Amino acid sequence: MNTIDDFVELVRDELGLAVTTETVGVAFDRLDGWDSVHLLALLTALERATGRRLSLPDVLETSSLAGVYDLAVAP
């Protein structure tokens, strides 16, 4: 996963949500079809795709997919 487009594709494939690069910044509570269980599934998918662990507490503090993406690509 190298770009926001890769991230959006991963979200679509793994979670089945119709997100776009324009909607990744939408707050979770305003994102169509979002369920809190999606966050755990996304965390697992990101760890598998990136080959590194992400901090669950940090992920839980995010308010949108854009925040999760930022954590996933942070050095």
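The values are calculated or read from the model by the stated rules, or taken from the named source; none is laboratory data. Bear in mind the structure is a predicted one, so any value in this text is a computation, not a measurement. Neighbour counts are summed over all protein chains in view; Cβ atoms, including those assigned to glycine, are modelled from backbone coordinates with ideal geometry. What goes into the accessible areas is simple: the full protein's heavy atoms, side chains included, and nothing from ligands, DNA or RNA. Shrake-Rupley method; radii C 1.70, N 1.55, O 1.52, S 1.80 Å.
Ellipticity at 222 nm from helices only: DSSP H runs of n ≥ 4 in the chain, each -39500 (n - 2.57), divided by the residue count, give -16000 deg cm²/dmol.
Once the dipole of the chain is set up with Lys and Arg at +1 and Asp and Glu at -1 on Cβ about the Cα centre, which of His38, Ala72, Val8 lies farthest towards its positive end? Comparing the listed Cα positions along the dipole, Ala72 ranks first. Each Lys and Arg adds +1 at its Cβ and each Asp and Glu adds -1 at its Cβ; summed about the Cα centre, the chain shows a dipole of about 220 debye. Per residue, the accessible area of the chain comes to 61 Å² when a 1.4 Å probe rolls over the protein heavy atoms.
I'd like the carbon and sulfur percentage of the solvent accessible area for the chain, probe radius 1.4 Å, heavy atoms only, ligands and nucleic acids excluded. The partial results should precede the final answer.
On the way: 2240 of 4560 Å².
The nonpolar share, carbon plus sulfur, comes to 49 percent.
For Val59, Val37, write out the residues from largest to smallest accessible area, computed with a 1.4 angstrom probe and no ligands counted. Write out the running numbers ahead of the final one.
Details: Val59 5, Val37 100 Å².
Listed by decreasing accessible area, they come as Val37, Val59.
Evaluated over the Cα positions of the chain, the convex hull gives a direction-averaged projected area, one quarter of its surface, of 4.3 nm². The phi torsions of region 34-48, fed into the Karplus equation with coefficients 6.51, -1.76 and 1.60 and a -60° offset, translate into couplings of 6, 9, 4, 5, 4, 5, 5, 5, 5, 4, 4, 5, 5, 4, 5 Hz, rounded to whole numbers, with Gly and Pro shown as x.
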